[in-house]
Amino acid sequence: MAAIVSFIRPLGGLLPPRSSRFARLFQAVALPLAGLGVFLLLWSFAAGRIDTSLGQFPDPSMVWEQAVNLYDEHRASREKEAGFYARQEQRNAARLKVDPDYEPRIRPYTGPPTFLDQIVTSLLTVLSGFLVATLLAVPWGIAIGLSKTLHQAFNPLIQLFKPVSPLAWLPLVTMVVSAVYVSDDPTVPKSFLNSMITVTLCCLWPTVINTAMGVSSVNPDLVNVSRVLRLSTLDHVTKIVLPSAVPVIFTGLRISLGIAWMVLIAAEMLAQNPGLGKFVWDEFQNGSSNSLSRIMVAVIAIGLIGLGLDRIMLTLQRFVSWEKEQER
Amino acid sequence: MNDAVLELSRVSVEFSTERGPLKVLEDVDLSIRRGEFVSLIGHSGCGKSTVLNCIAGLVSATKGGVILEGREVTEPGPERSVVFQNHSLLPWLSVYDNVALAVNQVFRRTKSKQERAEWIEHNLELVQMTHASHLRPREISGGMAQRVGIARALAMQPKILLMDEPFGALDALTRAHLQDSLMEIHSNLNNTVIMVTHDVDEAVLLSDRIVMMSNGPAANIGQVLDVELPEERDRISLASDDNYNHCRHEVLQFLYEKQRKIETLGASASDQKPEDESLQEVSNY
Ligand SMILES: Nc1ncnc2c1ncn2[C@@H]1O[C@H](COP(=O)(O)OP(=O)(O)OP(=O)(O)O)[C@@H](O)[C@H]1O
Ligand SMILES: [Mg+2]
C-alpha cells in the first residue's frame, strides 16, 4: 500500500521531464480509466435512486446486459435471414428439377432492422450527407475566399442559415423530396434522402466559412511569390492557395462532421427515418422495462461513433496537413 | 547612362488609405547599370520597400514608370525575382521542391526535365544547401531558409535580383556569413542586384552604389554615394580602410544629420528598432 502511495504521489503534479516510460503509460491509460471508474460509481449510485414510470433508471450492469442482448438479437436475426434464403434456394432447386423452364425468384428478407442495422444506416446517411456537403462547401468556400465580390454577396446568407436548427429544415425537406423525387422504383428510399439532405444543409456552413477564411488569409508574401512566378490561376489555386488553406479547411470539415452526426440523430428521431434516432424513439414508445437500458446503449453507441468519426478526421487532417501542431 | 538595364523615371506612388491618399514616393529618378550592386537605405517607413515593389511590379506607380531594357514594367515577372525579408518559402514543400516550383514554372518550355533537375541542384549548391534539400522550411534555421530564398530567386535567372532586407531578421553572425556568400555569388555571376537594407555596414560592404532616401511622406532620393572600393572586399581589412570609413561616415551623416528622423509620439516600437540597432553600431566605433 505504501508503495502505491509513493508511486502515485509524484504523479499528482506534472510529470518530470525525464519520467520513465512506465509512468507515461500510467498517465495515458490509468488516469482515464480512473475517471471512468469514478463515473461508473456515481452512475450506479444515482441510478438506484431514480425511479421512473418504466422502472428503475438503468445502472451500468443493466445497460451492459442490454448491449449483449441487442447483439444476440442481431445474431439471431441474421441466422433467421440466412435460413430464410436457404429455404428459398432449396425450394427453387426442387422446382427447377421438376420444371427446367422455371425462372427462380428470390424474395428479399423483411425482418425488422436490428440495432446494428440501424447503426449502419445512420453511418451511411451521415457519411453521404457529409460527402455532399463537402463537395458543395469546399468549391463554394474557395470561390468566396478568392473573390471579395462573392464574399460580400454570400456572407449575409451564410450567416443567416448557419444557426438554423435541423428540426426547422426537416419539414421543408420532407415536403420537397416527396414532391420532386417521384419514381416507381426508388434506388434510395425517400427517408434516406430526407435525413441526408437535412444533414447536408446543417453541416455545410462550418466548411464553407473555414474554407473561405483559409483561402482569403493566405500569407500575402506567398501570393507575391506566385505573382512573381506568373503562376496561372489554376496553378495559383492548386499550388499556393489550397495547400496553405488545408489545415483550416480540415478544421472546418471536422466541425461539420461533428454537427452532421448530431443533426442526424435528431432528424431520424423526429422524422421516424430509419437509423439510431428511430431506434431510440421506438424504444421510448415501446416503454418496456428494458427500454431505458436499451436507450442508454444507444446513447453510448452514438457517443462512441461520434468520437470515432472525429478521430478519423483528425488522422486524415494530420496526414494531409503541413502544420504539424494540431489541437486534439 | 546608355548601358542602364533599369530606369526609374519620375516615379510617384500614392496609396489610398482610410485617412485619404498617402503620397509615399515623389519623382524618384534612378538608373541602374548592368552588373551593379545597389543598396537602398533610409529610415523606416520612408518607402524603400515601395521602390523595390515598384520595380518588381507588385505595386504600380501612380505617375512615372519603371523601364527594364527599354520596356515598361507593368506586372511582376520572374526576370525581376524577389528575395523577401522573411524568406517566404512555401511551408508545405521541401527546400528542393520550393526551388523546383520556380524552376519548373520559369523553364517549363526552355529546359528539359533533366536540365531543370540539374539547374535546381546547381542553385542549391550555390548557396550551400544541397545537404538539406529534403527538409521543410520549418526544419531549418532562419539563415538557411534565407539561403534557399536566394537560391529560388537566382534560379529564375533574373535580369535583376531584388532583395528586401534579406538579412534583416538574422543574428549578426549569420548575417555576416550570408553577406560573404552573397558577395561571392555576385562576383561569380555578376548579376544586377538592388538590395534594401537598414544596416550601414552591410550597405557599404556589399554595394557599388548606395542610394539614400529622404524621409517620407513624398520621399525622394536624397543622395547617391559611389563606393570606391575594390571588387574583392574583406570585412576585417576594410575596418581600417580610409575609403571604407569615409563611405560609412557619409551614410551615417546623411541618416543622422541631414535626414534626422523626428520621433513622433505615436512611433511604434518596430519603427524604432532598426534605428536603435544602427546606433549601437555607431557607438562600437
Ligand atoms: N499597401 C499600402 N497601403 C497603404 N499604405 C502603404 C502601403 N504600403 C506601404 N504603405 C505606407 O507607405 C510608407 C512606406 O512604406 P514602405 O514599406 O515602403 O517603407 P520602408 O521604407 O520599406 O520601411 P521599413 O524599413 O519599415 O520596411 C509607410 O508609411 C507605409 O505605411
Ligand atoms: Mg520595408
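Points to keep in mind about this one:
Here's the yes/no breakdown for (1) within 23 Å of B:ALA151 (Cβ to Cβ); (2) surrounded by 15 or more Cβ atoms within 10 Å (Cβ to Cβ):
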residue: B:ARG175; (1), (2): yes, yes
residue: B:SER187; (1), (2): yes, no
residue: B:THR192; (1), (2): yes, yes
residue: B:LEU225; (1), (2): no, yes
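- Exactly one residue out of A:ILE240, A:ILE265 is buried (at least 20 other Cβ atoms within 10 Å of the Cβ), in contact with a helix residue (DSSP H, G or I) (Cβ under 7 Å, 6 or more places away or on another chain) and modelled with pLDDT under 90, and it is A:ILE265.
- Some residue of the stretch A:200-213 being within 14 Å of chain B (Cβ to nearest Cβ), part of a helix (DSSP H, G or I), over 30 Å from A:THR174 (Cβ atoms) and modelled with pLDDT of 90 or more: no
- For the stretch B:1-51, a residue qualifies if it is of a type in the set (Asp, Glu) and within 14 Å of B:MET213 (Cα to Cα), and the qualifying residues are B:GLU26, B:ASP27, B:ASP29.
- The lone exception for A:LEU42 - which of (1) farther than 30 Å from A:SER289 by Cβ; (2) at pLDDT 85 or above it fails: (1)
- Any hit, the stretch A:77-86, residues being polar (S, T, N, Q), within 28 Å of the chain's Cα centre (by Cα) and exposed (fewer than 11 other Cβ atoms within 10 Å of the Cβ): no
- When B:ILE32, B:ILE55 are checked against the criterion of being buried (at least 17 other Cβ atoms within 10 Å of the Cβ), under 29 Å from B:LEU252 (Cβ atoms), within 16 Å of ligand 2 (Cβ to nearest atom) and β-branched (Val, Ile, Thr), a single residue qualifies: B:ILE55.
- On the stretch given as the stretch B:58-89, residues that are away from ligand 2 (no atom under 16 Å from the Cβ) and touching a Pro at 6+ places or on another chain (Cβ under 7 Å) total 5.
- If you go through the stretch B:69-92 and keep only what is within 12 Å of B:LEU58 (Cα to Cα) and within 16 Å of ligand 1 (Cβ to nearest atom), you end up with B:PRO76, B:VAL82.
- Filtered residues of the stretch A:141-173 (kept if outside any helix (DSSP H, G or I) and surrounded by fewer than 13 Cβ atoms within 10 Å (Cβ to Cβ)): A:PRO163, A:VAL164, A:SER165
- Entry remark, the stretch B:14-51: residues being near ligand 1 (Cβ under 8 Å from one of its atoms), farther than 30 Å from B:ASN188 by Cα and either out of contact with any Gly (no Cβ under 6 Å at 6 or more places or on another chain) or not in a strand (DSSP E or B) (or both) number 9 in total.
- A residue that is within 14 Å of chain B (Cβ to nearest Cβ), out of contact with any Phe, Trp or Tyr (no Cβ under 9 Å at 6 or more places or on another chain) and in a loop (DSSP other than H, G, I, E, B) occurs nowhere in the stretch A:241-261.
- Positions within the stretch B:67-120 being basic (Lys, Arg) and either in contact with a strand residue (DSSP E or B) (Cβ under 6 Å, 6 or more places away or on another chain) or in a strand (DSSP E or B) (or both), in sequence order: B:ARG71, B:ARG80
- Every pair of residues 6+ apart whose Cβ atoms lie under 6 Å, when the first sits in the stretch A:224-239 and is facing another protein chain (nearest Cβ under 7 Å) while the second is β-branched (Val, Ile, Thr): A:VAL228/B:VAL82
- Boolean, B:VAL5 is buried (at least 16 other Cβ atoms within 10 Å of the Cβ) and modelled with pLDDT of 90 or more: no
- Residue in the stretch A:187-196 that is crowded, with 20+ Cβ neighbours inside 10 Å, more than 12 Å from chain B (Cβ to nearest Cβ), under 24 Å from A:ARG311 (Cα atoms) and within 25 Å of the chain's Cα centre (by Cα) present: yes
- In the stretch B:57-101, residue nearest to the other protein chains (Cβ to nearest Cβ) [restricted to those that are aromatic (Phe, Trp, Tyr) and out of contact with any Leu (no Cβ under 9 Å at 6 or more places or on another chain)]: B:TRP92
- Residues (β-branched (Val, Ile, Thr) and assigned to a loop (DSSP other than H, G, I, E, B)) located in the stretch B:124-150: B:VAL127, B:ILE140
- Close contacts from the stretch B:36-51, counting a first residue that is away from chain A (no Cβ under 14 Å) and over 16 Å from B:ASN220 (Cβ atoms) and a second that is within 8 Å of ligand 1 (Cβ to nearest atom) and assigned to a strand (DSSP E or B), with Cβ to Cβ under 8 Å and a gap of 6+ residues or different chains, come to B:SER39/B:VAL196.
- Hits in the stretch B:58-82 (condition: in contact with a Gly (Cβ under 7 Å, 6 or more places away or on another chain) and not hydroxyl-bearing (Ser, Thr, Tyr)): B:GLU72, B:VAL73, B:GLU75, B:PRO76, B:GLY77, B:ARG80
- Scanning the stretch A:281-310 for residues that are surrounded by fewer than 20 Cβ atoms within 10 Å (Cβ to Cβ) and among the acidic types (Asp, Glu), we see that the one that is nearest to A:ILE259 (Cα to Cα) is A:ASP310.
- Cβ-Cβ distances below 7 Å connect the following pairs, each with a first residue in the stretch A:20-40 that is hydrophobic (A, V, I, L, M, F, W, C), a second residue that is surrounded by 10 or more Cβ atoms within 10 Å (Cβ to Cβ), and a separation of six or more residues or different chains: A:ALA23/A:LEU11; A:ALA23/A:LEU15; A:PHE26/A:LEU11; A:LEU40/A:PRO60.
The values are calculated or read from the model by the stated rules, or taken from the named source; none is laboratory data. Because the structure is predicted, anything quoted here is derived from the model rather than measured. Every residue, glycine among them, receives a Cβ derived from its backbone with ideal geometry; neighbour counts consider all protein chains shown.
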